[in-house]
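Structure first, commentary second.
The values are calculated or read from the model by the stated rules, or taken from the named source; none is laboratory data. Everything quoted here is computed from the prediction, not taken from an experiment. In this analysis, Cβ positions are derived from the backbone assuming ideal geometry, glycine residues included, and neighbour counts consider all displayed protein chains. Note: accessible area is taken over every heavy atom of the protein model, side chains too, but ligands, DNA and RNA are not part of it. Shrake-Rupley method; radii C 1.70, N 1.55, O 1.52, S 1.80 Å.
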Amino acid sequence: MKTPAEWKTLFESSAFARQTNYSGPLGPEYNPSGTRLRLWAPTAQKVSVNLYRRGDGGACMGTLPLEQHGQGVWSVYLPGDQHGHYYTFTVEVDGTAYETGDPYARTAGVNGLRSMILDAPRIDPPDWNHDHRVIVPASRRTVWEVSVRDFSQDPACGVRNAWRGKFMAFTQKGTTLSSAGTFPTCLDYLKRLGVGYVQLMPIFDFGSVDESRPLTRQYNWGYDPTNYNVPEGSYSTDPTKGEVRVRECKEMIAALHAAGIGVIMDVVYNHMYRSENPLNSTVPYYFFRQNPDGSFSNGSGCGNEFASERPMARKYLIDSVLYWAQEYHIDGFRFDLMGLYDVDTMNELRAALDALPGGRSILMYGEPWQGGGSQLHRYEANKANLAMLSERIGIFCDNTRDVIKGGCFDAREPGYVEGKPGSFWDIGGAVAAWCRSDKLPAHSPSQIVSYVSAHDNFTLWDKLMLVRYARPEYTAADSAALAQNRLAAGIYLTCMGMPFMQAGEEFARTKKGQGNTYRSSPSLNRLDWKRAAQFHGLVDYYRGLLGLRAQFPRLSASDTASPAAIKFFSLEQPLVGWTLPAAPGDGGGHRHRKSSPAAHLRRGDRPARHRRHAHRARQAAGPVRPARPRHAHGAVLGRLPRPVRGRCAHEPPLHAPPRAGDARHRARVEAAV
């Protein structure tokens, strides 16, 4: 019997790679006349398949041996229509037998323990063949991040009870707060807000929620992968039937596409929930990075980390992403802990996506950091190696996040909007997507994901309140925090790059000061739709900024000439002033003489030490409205704002999207000059 260290030596040898690398299909290959199962298990002495009628319980219908082929592949042919039948593999390695699901399973029974053979076209939603990835112009590429569970768990959301917290909640039209017919919620709310993409926190099968039990007292974000190619069963209306989770996941995606909204999938290939998982039970130790003694490296902070540099692990990751892109029409992929993947794997994946029909429109970005010390001894896909990544692989920019609102690990650390002295210098770096800064390697501005809040750490509102008060009242409509919230949004939503926001940031979402709610109560995590109505003035502010940004495509340009064209000019500290010459098409198509527009970003609520240096000190910021474009291809891009006290909680909601240059809507898009 080999030791873990001996397995490591074997797996990292060139001889093993030559003998076992395989480029053909794996997993179930369905046909009405019969199904072939293929499994890559090069270290196995024996492999068999166990057949079941049900996804859990019930006796095994029979066990059949798999035949060994070249390059470590085993296969078996099952005659007849196998749709709806469940199976597991028994893999014998070094005298130990492991019963496991298929790593390439397309769907599964309860908790993903038994894989299911699926005839996908048989259970697809109506007109699924006519569903396609949406084409979102670069100027509308703003991402809104949400958990499927959080989206509709609130009893006041208006979604029917059976669909609350499920994929199907995204398909229900006409929902309003408490079904009163006034304030729109869920899908209708998203359409009105104007975001280009919804980023769904993990929707593949994860292990931290027991699908066989009621969800009332269970909650988890889902960063605990069990089956990478299978939708999560707890988000379906019936997790006992493998076809239901597939169909309902597709129905959700089709509904968002029909609303003109792209779907980005949050993928967590960097680790798996337990060491007993389909990958490790099939080829023990191969798919996970190892320490010198052969034990699992833990760069994820979750007990193991995926070995993307090993050839068949790389193939598995790329195959899985391509499967979701093709079978589920996914519009983009967000990579959790992207710094745990090697640069070569990520660039190969980008090229593979590009090779798909329309694949160049698929977004790809991730977190350029790790969760701990890693045994990855190749170039990591992180900020330091940004110049080595494809120009169409983006990164979350914590530089922008931290300079605007303060560091995320110290609740009390202020940023620019809370009055941190000297922080205004880096606002200019954020505005230009750090293309003119030495803090990042050479890169395209479109590689920068600008944001101030995500599911990790404090919500923006909670962070602002924690900096301001020793004992915050999180549910209060604090005027100073509202001003700071508006200013933070006004900065990052007018930076170059791609904006990103946590769901509910636009209505002062609070988690009562809890910074890591991955397994907290459903009531703490869910979107509070009553709060969305209460803070509808702030929602309209965000909506106006999104509409404004869409009118100026140069803010989302990918060329390095655009950030280089920004000109900064002197203002009284801590004010920041800049101009960006407009490009053809900017400003909603107004055609007059050519000129360069100006964008002035003013800090909203300054501590007393800053007020004496400012020309005018104001404590609250009113809604944003854009000045009318004055010249051809040019407009005032943003001037944050002259205060209007009390507007946030009392403004009537808008009923039509703002349009730059339209006098009827102008007052609601940006503040008076």
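Below are the figures for this structure:
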| item | result |
| --- | --- |
| Those strands (runs of 3 or more DSSP E) lying entirely in the stretch 59-104 with at least 3 residues of a type in the set (A, V, I, L, M) | 73-79 |
| Tally, over the stretch 228-252, of residues that are assigned to a loop (DSSP other than H, G, I, E, B), over 24 Å from residue 282 (Cβ atoms) and open to solvent by less than 20 Å² (accessible area, probe 1.4 Å) | 1 |
| Among the candidates 86, 98, residue that is within 35 Å of the chain's Cα centre (by Cα) and farther than 23 Å from residue 241 by Cα | 98 |
| Sole exception among (1) at positive phi; (2) within 20 Å of the chain's Cα centre (by Cα) for residue 158, by number | (2) |
| Scope the stretch 114-162; condition of a type outside the set (A, V, I, L, M), open to solvent by 10 Å² or more (accessible area, probe 1.4 Å) and in contact with a Ser or Thr (Cβ under 7 Å, 6 or more places away or on another chain); matching residues | 114, 133, 139, 141, 158 |
| Every residue from the stretch 22-42 that is open to solvent by 10 Å² or more (accessible area, probe 1.4 Å) and assigned to a loop (DSSP other than H, G, I, E, B) | 22, 23, 24, 25, 26, 30, 31, 32, 33, 42 |
| Criterion: in contact (Cβ under 8 Å) with a residue 24 or more places away in the chain and over 20 Å from the mean Cα position of the chain (by Cα) - qualifying residue of 497, 504, 490 | 490 |
| The stretch 74-103, subset aliphatic (A, V, I, L, M), open to solvent by less than 10 Å² (accessible area, probe 1.4 Å) and touching a strand residue (DSSP E or B) at 6+ places or on another chain (Cβ under 7 Å), residue farthest from residue 54 (Cα to Cα) | 91 |
| Of all residues in the stretch 278-311 being open to solvent by 10 Å² or more (accessible area, probe 1.4 Å) and in a helix (DSSP H, G or I), the one that is nearest to residue 15 (Cα to Cα) | 311 |
| Residues satisfying the stated conditions in the stretch 229-255, i.e. under 19 Å from the mean Cα position of the chain (by Cα) and of a type in the set (Val, Ile, Thr) | 230, 253 |
| Hey, residue 225 open to solvent by 10 Å² or more (accessible area, probe 1.4 Å) and either more than 24 Å from residue 501 (Cβ to Cβ) or among the charged types (D, E, K, R) (or both) or not | no |
| All positions within the stretch 160-180 that are within 16 Å of residue 526 (Cβ to Cβ) and either touching a Leu at 6+ places or on another chain (Cβ under 9 Å) or of a type in the set (Gly, Ala, Ser) (or both) | 165, 169, 170, 175, 178 |
| Test result for residue 487, of a type in the set (A, V, I, L, M, F, W, C), over 18 Å from residue 192 (Cα atoms), open to solvent by less than 10 Å² (accessible area, probe 1.4 Å) and part of a helix (DSSP H, G or I) | yes |
| Residue check for residue 219: in contact with a Leu (Cβ under 9 Å, 6 or more places away or on another chain), of a type in the set (Phe, Trp, Tyr) and assigned to a strand (DSSP E or B) | no |
